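Beneath this line is the structure, given in structure tokens, with notes to follow.
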Amino acid sequence: MKLKDLEIFVVGNKPPGWGGRYFIFVKLTTDTGIVGYGEVYAAAVGPDAMCAVINDVFERHMLGESPENIELMFRRVYSSGFTQRPDPTTIGAFSGMEIACWDILGKAFERPVYALMGGLMNERIRSYTYLYPMEHHDMTAFWSSPEMAAESAIHAVNQGFTAVKFDPAGPYTARGGHMPSMGDIAQSVAFCKAIREAVGDRADLLFGTHGQFSTAGAIRLGQALEPYSPLWFEEPVPPDNIGEMAKVASAVRIPVATGERLVTKAEFAPVLRSGAATILQPALGRSGGILETKKIAAIAEVYNAQVAPHLYAGPVEWAANIQLAANIPNLLMAETIQTGGDFHLDLIKHTIQWDSGYIIAPTAPGLGIEFDEDLARANPWTGDGLHLEMQDEPCRYDAPNWFAGGAPPMSE
């Protein structure tokens, strides 16, 4: 059995856009006719350029190879061009196709992917969601309203969620770490206070930031949030500065989480060695795929750290996250888009089961999903934005700062 064909689907996400502007799915077919699906979560270049990278990685390093030889193909890609270092674009391309290889292998052996990786550890996988606006909420006002966030949190908890994430601390800018404004700190405290009062001890609070703060600024903000006991303080400083993140971790009494932008065990291992984080959030469509992320989880196990696979993408990466989560012993929880997402679930024909705050480990072969190619082809991405984008303007200190939860503008 050899890898023979590649097809790429760049699918435009439907409004309101939770999960990003578009998804990049890959389909690999073997010379025996077995098909596997994967998803690329790499967004540093536009989808046309990314498709060219995916095609190059496939033709150069994977075409004609057995889908079983994942380790060999990973080393080829990791070493390509005499690099032997993490590259988010080429490794992102490989990550999606690596997931598809596992889907093929599971189907060939008629077993779920986790069965080929050591078996089932977690039959029920604790999940969490971002807090999104409810139908009656004002979409713009929601992101700066502790009251609306608290109402959304109550709704999520009533659905069965035992953890909810929110990120009210201001903008993500291309300028690197900044000092939060007093207004941003006050708003962050107000969100934590309102949500904690609303849900009590029924749910953990997951405080999201995306690397936007200076070290001193992250410490100021984190210490202000301590009375509300968040389960994690996510990516408080830029992810490329592990030493500074470790300073935050040692100064704030909230566990630090990081990893959605890190690539391979080469970037995750120093995080653990330095004590920068005790919760890792790999995104399997970028981190190296399923096998590489299982290695990351194994390193984390040595450091008594836990894994919470990240998801701000489409349902195929979600399916890969679930296969890993079902298998590893140091799972904390896995992110979902609400209870699976409307368009997300349609793309996989509702083949993943979510029940009262938990994802049920699939038992079907491979990733356990049925990918709807017709629906994917009927919704091509035609815009020119990236999957997610940072703003150029700096943080404001004389007016409120805004961040719309990663959603693309409704006009798109």
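Counting helices only, and only those DSSP H runs with n ≥ 4, report the 222 nm mean residue ellipticity of the chain as the sum of -39,500 (n - 2.57) divided by its residues, in deg cm²/dmol to the nearest 500. Before the final figure, lay out each step's value.
On the way: 13 runs with 152 residues, N = 412.
About -11500 deg cm²/dmol.
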Restricting things to alpha carbons, find the Rg to Rh ratio for region 3-111 using the Kirkwood radius for Rh. 0.98
Using only the alpha-carbon atoms, how far is helix 315-327 inclined from the longest principal axis of the chain? Give it as 0 to 90 degrees, nearest 10. 90
In whole Å, largest first, what are the principal axis extents of the Cα atoms in the chain? 61, 44, 41
Pairwise label distance in nanometres, ASN55 with ASP31, each label 7 Å out on the Cα-Cβ vector: 2.3
Within a Gaussian network of the chain (alpha carbon springs, distance under 10 Å), most fluctuating of THR258, THR278, THR32: THR32
Just to be sure I understand: with springs between alpha-carbon atoms less than 10 Å apart, which residue in TYR78, TYR41, TYR22 has the highest mean-square fluctuation in the Gaussian network model of the chain? TYR78
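Considering just Cα atoms, how many Å³ per residue does the convex hull of region 168-249 enclose?
Values: hull volume 6.3 nm³, N = 82.
Measuring per residue, one finds 77 Å³ for the Cα hull of region 168-249.
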Cross-link table LYS4/LYS295; LYS107/LYS295; LYS4/LYS265; LYS14/LYS193, entries beyond 26 Å C-alpha to C-alpha: LYS4/LYS295; LYS4/LYS265; LYS14/LYS193
Using a Förster distance of 25 angstrom, determine the FRET efficiency expected from the C-beta separation of ARG273 and ARG76, and round it to 0.05. 0.40
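Under a point-charge model restricted to the Cβ atoms of Lys and Arg (+1) and Asp and Glu (-1), what is the dipole moment magnitude of region 3-111 relative to its Cα centre, in debye to the nearest 20?
So the dipole magnitude of region 3-111 works out to roughly 260 debye.
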Amide proton proximity set for GLU65, modelled H, under 5 Å, gap of 5+: LEU3
Taking only Cα atoms and a 10 Å spring cutoff, compute GNM fluctuations for the chain and point out the largest among PRO282, PRO133, PRO168. PRO133
Residue separation between ALA141 and VAL302 times 0.36 nm, minus their alpha-carbon distance, gives in nm 53.6 nm
Residues GLU151, GLU7, sorted so that the one with the fewest Cβ neighbours within 10 Å comes first: GLU7, GLU151
Only Cα pairs under 8 Å and at least 6 apart count here; give the relative contact order of the chain as a rounded whole percent. 23
Specify the angular offset, from 0 to 90 degrees and rounded to the nearest 10, of the alpha carbon long axis of helix 88-109 from the longest principal axis of the alpha carbons in the chain. 60
For MET390 and ASP5, calculate 0.36 nm times their separation in residues minus their Cα-Cα distance, and state this gained length in nm to one decimal. 135.1 nm
I need the phi-derived Karplus couplings for region 244-258: 6.51 cos²θ - 1.76 cosθ + 1.60, θ = phi - 60°, integer Hz, Gly and Pro marked x. 6, 5, 5, 4, 5, 4, 7, 9, 10, 8, 10, x, 8, 10, 7
Using only Cα atoms, tell me the angle between helix 70-79 and the longest principal axis of the chain; keep it within 0 to 90° and round to the nearest 10. 70
Could you calculate the contour length gain from ARG85 to VAL45, that is, 0.36 nm times the residue separation minus the distance between their Cα atoms, to one decimal place in nm? 12.5 nm
Neighbour-count ranking [beta-carbon atoms within 10 angstrom, fewest first] of GLU234, GLU393: GLU393, GLU234
Between ASP372 and ASN69, what FRET efficiency comes out of the Förster formula 1/(1 + (r/R0)^6) with R0 = 30 Å and r the beta carbon distance, rounded to 0.05? 0.55
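We did not get these values from a lab; they are worked out from the coordinates using the rules stated. Keep in mind it's a predicted model, so treat the numbers as computed, not measured. Reconstructed Cβ throughout: ideal geometry from the backbone, glycine too, with neighbour counts over all protein chains shown.
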